[in-house]
Each structure stands twice: as structure tokens, then as C-alpha cells.
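The values are calculated or read from the model by the stated rules, or taken from the named source; none is laboratory data. All values derive from a computational prediction rather than experimental measurement. Here Cβ is always computed from backbone atoms with ideal geometry, including for glycine, and neighbour counts include all displayed protein chains. Heavy atoms of the whole protein, side chains included, go into the accessibility calculation; ligands, DNA and RNA do not. Shrake-Rupley method; radii C 1.70, N 1.55, O 1.52, S 1.80 Å.
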Amino acid sequence: MRPGHLSALFAMVFLTLSSAAFAQSADLSVTKADSPDPVNAGSNITYTITLSNAGPDPASVVSLTDTTPANTTFVSVMQTSGPGSSITSPAVGGTGTITANIATLAAGATATFSLVVNVNAATPNGTIITNTANVTSTTADTNPANNNATATTTVNNAADLSVTKTDTPDPVNAGANITYTLTLTNNGPSPAQSVSLTDSTPANTTFVSVMQTSGPGSSITSPAVGGTGTITANIVTLA
């Protein structure tokens with residue numbers, strides 16, 4: 001082989017190695033924490049999502065996505081630290097995917113986001129709400145196993161129901177009516193489901209009438225006028 005041919009061969013090898021030497025990579029990762037856990041039905045969960053780049057190179061066209069989990073609706077999202085991002089989200093009270101796009105996340109940099117969702121009031125006690133965040137980039141990722149993070153939150157359904165009753169007139173004349181005013185209250189923290197208020201006609205009286213004067217609609221059953229028995233008012237949900 002002539003010397004000129006050897007020079008050309010070595011030049012080709014040198015160019016191939018040069019191109020490989022400039023390939024960039026980054027180790028993106030995401031972590032997520034939830035608060036509170038457990039959460040009361042009807043209340044909010046706040047997720048703190050932290051996006052990190054362990055390098056060795058900057059990550060380009062970084063996209064963080066998070067979908068509102070089942071049994072929740074979107075409340076708000078905001079970035080609390082790191083390089084600026086463009087964020088898209090569902091309407092408040094809706095569901096869907098939250099996306100935060102960062103043009104470049106430098107090696108060693110982090111970005112933190114706060115996502116708030118509301119747990120549906122009718123979510124059954126003990127339900128587990130599962131929420132996952134995921135990050136992608138156009139830069140090669142050396143460890144894709146840490147590109148998503150999941151938080152699980154247990155739902156509590158706890159309500160403090162109370163009832164008060166007043167009578168008028170007192171004393172009452174024999175043969176006259178007594179009017180009882182009953183007030184049913186839910187002191188929370190969660191909505192009360194399948195609420196039933198019962199009241200029996202007392203001894204030495206007969207039923208005249210019953211009506212609801214305020215609050216969410218109820219279905220009422222009662223004895224016949226002039227009869228005796230139990231009056232029942234059922235409310236599907238008392239907030």
C-alpha cells in the first residue's frame with residue numbers, strides 16, 4: 001500500500017472517533033412527595049415534584065408530565081424553583097395532563113413544582129389515590145429507570161354529625177300542637193354520605209306534618225296525619 005493511501009485511512013478513523021466523542025448524555029430523575037397522607041375526602045392533596053439532572057451534560061427539550069389521578073380534579077400548579085418553564089394544565093375543576101417544558105436543564109440543576117388536586121367528596125373511605133410524574137428529554141438518558149415517580153395517598157371519610165332540637169310552645173295545652181325545630185349539622189372534615197335523620201312521634205301525640213326548611217334536598221317519609229310512627233329524612237350528601 002502506498003504512503004498516501006495510509007494517510008487517507010488514518011484520517012477516516014480519526015474523524016469517526018471525533019464524532020462519537022461529542023455525543024452528549026444526561027441522567028434525568030424525578031421525585032414526588034404528597035401531603036397530607038391520609039387525606040380527607042373533599043380536601044386537597046399537594047404534590048411536590050422535583051426534577052433533577054445529574055449530568056454529565058445539559059439536558060435539552062425537557063418535558064415533565066403528570067396526569068390528574070382518578071377520584072380527583074385539578075386545582076393549581078406552579079413552579080417554585082429552577083430554570084423557567086412553560087406550563088400547560090387542565091381547567092380548574094377538570095382533569096387531564098399537566099405539562100412543564102424546559103428548554104435546557106443544566107448538569108447539576110433542579111426544578112421544583114407544586115401540584116394541587118382536590119379529592120372528590122364522594123370518594124369511598126380507604127381509596128388509594130395514585131399519581132405518577134414522568135420526565136423525558138431529547139438528550140440521551142443514561143438511567144431511564146428514575147425518569148418517573150409515584151405517590152400514593154389514602155382517602156379518609158370522616159364526618160362529625162350533630163343534631164339539635166327545640167320545641168314550642170312549652171308548656172303546651174292539651175289538644176294543641178307542638179312544633180319541633182330540628183337542625184342537622186356536619187362539622188366535617190369530610191362530606192357525610194347517606195345521611196338519615198329519624199324522629200318518632202312521642203307518646204300522647206299524633207303526627208300532623210313535617211317539612212324541610214333549609215339545606216340540601218332530602219327525601220322524607222312520615223306516618224299518616226293523625227297516626228303515629230317514625231319520621232325519616234334521607235340526604236344523599238351533607239357537605
Which one of Ile98, Thr72, Thr198 is farthest out on the positive end of the charge dipole of the chain, using unit charges on Cβ (Lys, Arg +1; Asp, Glu -1) and the Cα centre as origin?
-> Ile98
The answer for the chain, accessible area per residue at 1.4 Å probe in Å², is 56 Å²
For the chain, percent of DSSP beta bridges that are antiparallel (nearest 5) comes out at 95 percent
Kindly express, to the nearest 10 degrees and within the range 0 to 90, the angle between helix 3-21's C-alpha long axis and the longest C-alpha principal axis of the chain.
-> 20 degrees
With a 1.4 Å probe and every protein chain kept in, tell me what percent of the accessible surface of the chain is carbon plus sulfur.
-> 57 percent
Please give the contour-minus-distance gain from Thr142 to Thr88: 0.36 nm per residue of separation, less the Cα-Cα distance, rounded to one decimal in nm.
-> 16.7 nm
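Hey, got the dipole for the chain? About the Cα centre, +1 on K and R Cβ, -1 on D and E Cβ, debye to the nearest 20?
So the dipole magnitude of the chain works out to roughly 500 debye.
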By how many nm would the segment from Thr168 to Met78 lengthen if fully extended, with 0.36 nm per residue of separation less the alpha-carbon distance?
-> 26.9 nm
